[in-house]
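The values are calculated or read from the model by the stated rules, or taken from the named source; none is laboratory data. Bear in mind that the values here come from a model prediction, so they are computed numbers and not experimental data. Ideal geometry is used to build each Cβ from the backbone, glycine not excepted, and the neighbour counts take in all protein chains shown.
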């Protein structure tokens with residue numbers, strides 16, 4: 001959740017330096033949670049309801065824990081925040097806290113790439129990052145799923161922050177984007193939001209973070225790092241950055257809906 | 001939870017190098033979670049049920065989230081693990097997963113210092129560590145309590161690992177401890193389990209970790225570290241280490257109960 005950025009203040013919520021700070025900060029959160037997760041084996045049965053059935057549920061252990069966590073967090077209004085998107089919208093309950101007055105910074109939209117993110121997470125990101133020699137250890141099933149929930153929620157938040165980035169870009173170059181959006185020129189919108197130099201810098205910084213945070217500074221736990229830095233970089237390069245762009249493009253494609261924008 | 005140590009295997013569960021590895025590893029977990037928590041203000045109302053009432057509950061927001069988390073985790077058998085102790089034993093439910101065969105490594109005991117730990121956490125540890133200039137920010141209440149839950153659970157696990165340490169010490173120097181336990185000589189037991197050299201090393205290593213993990217390796221977020229390294233050291237020096245010793249002593253005082261040990 002990590003709302004160090006103030007989403008109640010319209011000036012700050014769309015301030016690019018604030019958004020940038022938040023995205024860089026989330027790299028730490030994501031790296032920390034991944035380091036925690038990969039101390040356990042991959043534990044594939046927790047993602048497979050047929051391999052490890054949950055009584056009175058069709059969900060896998062992991063899905064069960066994620067949905068339960070979302071249900072509890074919905075009660076403290078997590079999903080009222082414009083940067084939080086659920087994986088299981090059907091389980092959300094009415095908050096026990098009064099609503100907050102979030103500024104309406106984003107255009108109304110229904111963009112949510114969590115289903116895709118979860119598939120990538122289970123089938124691509126985790127298998128590449130979990131390098132534990134142990135194939136499976138049932139006493140770590142609950143611990144693994146707990147770490148998964150923290151990590152996946154942080155990844156989701158990072159990726160859906162793309163909406164704020166897209167809104168800022170739209171406001172900065174409104175004319176250009178209105179034209180591309182009217183034409184539904186997805187490719188050109190994708191090009192317009194891409195900054196290869198920034199992406200390269202993100203990946204370099206991430207590698208350095210994975211190495212630094214994944215190594216005992218006094219060498220107490222031996223030579224090996226606690227996380228494969230290349231797997232962290234690949235996670236961002238192949239999934240986090242592309243999904244963020246997808247969020248940005250999908251958001252922009254809906255940016256003129258219901259408005260009389262420059263007709 | 002982080003069960004990198006294998007508590008199903010009697011040889012490993014009481015292997016001192018395994019226990020040591022786990023304790024060092026938990027320093028990372030605790031430091032990571034504290035770094036996450038202190039990006040938010042102290043937010044005192046979340047610990048005070050009169051300041052922020054929860055409908056149909058007498059709990060503070062923080063206690064409500066912690067008890068809900070424990071309820072969910074109890075269902076995936078978290079509290080069957082010999083290194084996990086609840087803060088709200090009354091909310092635990094029957095697990096949805098079949099029980100695991102944990103080896104009986106520990107002597108039966110009812111040692112649980114969580115009530116004390118929670119008070120120290122709220123009134124001492126957090127106020128010292130939360131250096132955010134913002135006094136309070138209600139949009140970070142849920143996020144703060146979420147981080148608190150992760151951190152407090154990790155601290156509890158670290159502290160109650162003292163039972164394994166005490167058991168190893170008892171098995172190594174049985175005669176000496178049986179005598180001290182029979183005399184109920186709490187002070188002498190405390191002296192017998194204390195290794196000032198190791199404690200000094202823990203604090204030095206912790207300071208280095210807090211500085212390393214709390215600083216962007218490429219300096220992206222400016223000069224200031226993300227966590228006050230001295231506050232991390234003080235947390236261990238003043239609370240984690242003393243509470244661990246308390247767990248060790250209390251465990252040893254019950255170590256002969258119900259046995260005919262060398263009568």
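Here residue A:108 meets the list (1) facing chain B (nearest Cβ under 9 Å); (2) surrounded by fewer than 16 Cβ atoms within 10 Å (Cβ to Cβ) almost entirely, failing just condition (1). Take the conditions (1) surrounded by fewer than 18 Cβ atoms within 10 Å (Cβ to Cβ); (2) modelled with pLDDT of 95 or more; residue B:217 misses just one of them, which is (2). Residues in region A:84-105 that are modelled with pLDDT of 95 or more and within 20 Å of the chain's Cα centre (by Cα): A:84, A:85, A:86, A:87, A:88, A:89, A:90, A:91, A:92. Run down B:69, B:153 and say which single residue is crowded, with 17+ Cβ neighbours inside 10 Å, within 14 Å of chain A (Cβ to nearest Cβ) and under 12 Å from the mean Cα position of the chain (by Cα). So the residue among B:69, B:153 that is crowded, with 17+ Cβ neighbours inside 10 Å, within 14 Å of chain A (Cβ to nearest Cβ) and under 12 Å from the mean Cα position of the chain (by Cα) is B:153. So which residues in region B:182-193 are surrounded by 14 or more Cβ atoms within 10 Å (Cβ to Cβ) and part of a loop (DSSP other than H, G, I, E, B), if there are any at all? B:185 - this is the single residue of region B:182-193 that is surrounded by 14 or more Cβ atoms within 10 Å (Cβ to Cβ) and part of a loop (DSSP other than H, G, I, E, B). Could we say that residue B:212 is closer than 19 Å to residue A:33 by Cβ and free of Cβ contacts under 8 Å to residues at least 24 places away in the same chain here? Judged against the criteria, residue B:212 is a match. Taking only region B:4-19 into account, find how many residues are at pLDDT below 85 and either in a loop (DSSP other than H, G, I, E, B) or buried (at least 21 other Cβ atoms within 10 Å of the Cβ) (or both). So the answer is 8.
In region B:43-60, which residue that is more than 10 Å from chain A (Cβ to nearest Cβ) and crowded, with 20+ Cβ neighbours inside 10 Å is farthest from residue B:134 (Cα to Cα)? Once the filter is applied, the top-ranked residue is B:60.
Selection of first residues in region A:122-139 that are touching a residue at least 40 places away in the same chain (Cβ under 8 Å) and within 13 Å of chain B (Cβ to nearest Cβ) and of second residues that are surrounded by 20 or more Cβ atoms within 10 Å (Cβ to Cβ) and assigned to a helix (DSSP H, G or I), restricted to Cβ pairs under 7 Å at least 6 apart or on distinct chains, gives an empty result.
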